[in-house]
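Chemist: For reference, the structure I am asking about is given below.
Quick note: the coordinates plus some simple rules give every number you see, no bench work behind them. Remember, it's a predicted structure, so these values are computed and weren't measured experimentally. Positions of Cβ are generated from backbone atoms using ideal geometry, with glycine treated the same way; all protein chains shown enter the neighbour counts.
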Amino acid sequence: MTEQPRWIAGVDIGGTNLRVGLVPFDGGVPVAVRQERTIPERGPAHVVARIVDMLRSAVGEVGWGTVAGVGVGCPGPVDRGAGVVLETPNLGWRNVPLRDLIAEATGLPVTLDNDANCAAYGEWWQGAGRGAERLIGLTLGTGIGGGIVLGGEIYHGASDAAGEVGHMSVDFDGRLCACGSRGCVEAYASGPGIAARAVEGLGGAAGSGLAEIARNGSGRVTARRVCEEAAAGDAYAVRILAETGRILAVAVANLINLFNPDVIVIAGGVTAAGDHLFGPLRDEVRRRAFPSAIGACRVVPAQLPDTAGMIGAAGVFKGVVYDGV
Ligand SMILES: [Zn+2]
């Protein structure tokens, strides 16, 4: 029997950044980490060529014979069986045979999964949800990504489209979402959703630092600025984050009632808001979900803020190739 390989390459393709790193075969801190801007407007061939360069450079650092293969996480619905990215609004890709492109260029076996699934799997394998039997992950960013891990496996559904937690509606006649539906939690609690709600309420927010930013043109009101102002004690910003927590709680309470999970892991920059977000979120969940289910479920911030996707993509490779998942 051949020696067990020491590393699995993880690739996290984001709308803003590409991350590549080598994850220890049995988990641990990634090495040879590479990060570059994605520059999606230059097209898939350009992005794939740069991912391959990053992989060659990283694998060269530890030696080709020590790397088992490559796990890739990519936004948008994917066809895992065919290894094809079907559509990514963030990147502008359609029907890109990503798995085979990377496999042919590197000579390594490759697996492909959705990036939010990989992030949830990373938190289950190595992060805040380690050892949980039933985990649901949410990543609050430009959108809201979601992933469901049951019994150590990602739940993919009938056509690899499961886990779209961000498009769970919290208001049937509510805000229009990028997906075409209405009232999706993503339209309220993603970065742009938080910023939009903050801007809309500025008329009643005299004295807020956010009103000042909007008035003097010193910058845009963003979710990050909302968090910063809240940390500095700005009452309006605190109120926006509390409302964000309550809106998220509607989705979280639905997930708790539906799945009765052990843990819900929430990732993304806005989790830096800490108790300003999680306090109202947990209070509202208690008002909405079944007590026996709440008692069994931890709602916690993620532990792998930048690396969950990369680590999870490597974990997915290991599960598919070595554990037959
Ligand atoms: Zn939606």
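Chemist: Could you give the dipole magnitude of segment 131-301 about its Cα centre, charging the beta-carbon of Lys and Arg +1 and that of Asp and Glu -1, in debye to the nearest 20?
Modeler: Using Cβ point charges on Lys, Arg, Asp and Glu, segment 131-301 gives about 260 debye.
Chemist: For the chain, just the Cα atoms, rotate onto the principal axes and tell me the three extents in Å, largest first.
Modeler: Taking max minus min along each principal axis of the Cα atoms, the chain gives 67, 48, 34 Å.
Chemist: Suppose a student asked you for the relative contact order of the chain, using Cα pairs under 8 Å spaced at least 6 residues apart; what percent would you report?
Modeler: Here the relative contact order equals 19 percent.
Chemist: Another question, if that's okay. With a sphere of radius 9 Å drawn around the Cβ of Asp113, what net charge do the other residues whose Cβ falls strictly inside it have (Lys, Arg +1; Asp, Glu -1)?
Modeler: Taking every Cβ under 9 Å from that of Asp113, the sum is -1.
Chemist: What distance in nm lies between label points placed 7 Å from Cα along the C-beta direction at Glu133 and Arg220?
Modeler: Label-label distance for Glu133 and Arg220, simple model: 4.5 nm.
Chemist: How tilted is helix 44-62 with respect to the longest principal axis of the chain? Cα atoms for both, answer in degrees (0 to 90, nearest 10).
Modeler: Approximately 70 degrees, to the nearest ten.
Chemist: Under a 10 Å cutoff between Cα atoms, tell me which one of Gly76, Gly274, Gly204 has the largest fluctuation in the Gaussian network model of the chain.
Modeler: Between Gly76, Gly274, Gly204, it is Gly204 that shows the largest mean-square fluctuation.
Chemist: Nearest 5 percent is fine: what portion of the DSSP beta bridges confined to segment 131-301 is antiparallel?
Modeler: Close to 55 percent.
Chemist: Residue-wise, which Karplus ³J(HN,Hα) couplings in Hz belong to segment 194-207, taking 6.51 cos²θ - 1.76 cosθ + 1.60, θ = phi - 60°, and x for glycine or proline?
Modeler: 5, 4, 5, 5, 5, 5, 4, x, 4, x, x, 10, 4, x
Chemist: Please report, in debye to the nearest 20, how large the charge dipole of the chain is about its Cα centre when each Lys and Arg carries +1 at its beta carbon and each Asp and Glu carries -1 there.
Modeler: Result for the chain is approximately 440 debye, rounded to the nearest 20.
Chemist: Where is the GNM fluctuation largest for the chain (alpha-carbon springs, 10 angstrom cutoff): Ala235, Ala189, Ala214?
Modeler: Ala214
Chemist: Of Leu101, Gly127, His156, which is farthest on the positive side of the dipole of the chain, counting Cα position, with +1 on Lys and Arg Cβ, -1 on Asp and Glu Cβ, and the Cα centre as origin?
Modeler: So the residue we want is Gly127.
Chemist: When Rg is the radius of gyration of the Cα atoms in segment 131-301 and Rh is its Kirkwood radius, what does Rg/Rh come to?
Modeler: Dividing the radius of gyration by the Kirkwood radius yields 0.99.
Chemist: Putting +1 on Lys and Arg Cβ atoms and -1 on Asp and Glu Cβ atoms, find which of Cys177, Leu140, Leu241 reaches farthest to the positive end of the dipole of the chain.
Modeler: Leu241
Chemist: Taking θ as phi - 60°, what are the ³J(HN,Hα) couplings along segment 276-283 by the Karplus curve (6.51, -1.76, 1.60), each to the nearest whole Hz, with x for Gly and Pro?
Modeler: Karplus values, whole Hz, x for Gly and Pro: 4, 9, 6, x, x, 4, 5, 4.
Chemist: Amide H neighbours of Thr111 under 5 Å, counting only residues 5+ apart in sequence or on other chains, H built in-plane at 1.01 Å?
Modeler: Here the answer is Val70, Gly71, Val72, since their amide H atoms fall under 5 Å of that of Thr111.
Chemist: Round to the nearest 0.05 the FRET efficiency obtained for Asp53 and Ala232 when R0 = 35 Å and r is the Cβ-Cβ distance.
Modeler: The formula returns an efficiency of 0.25 here.
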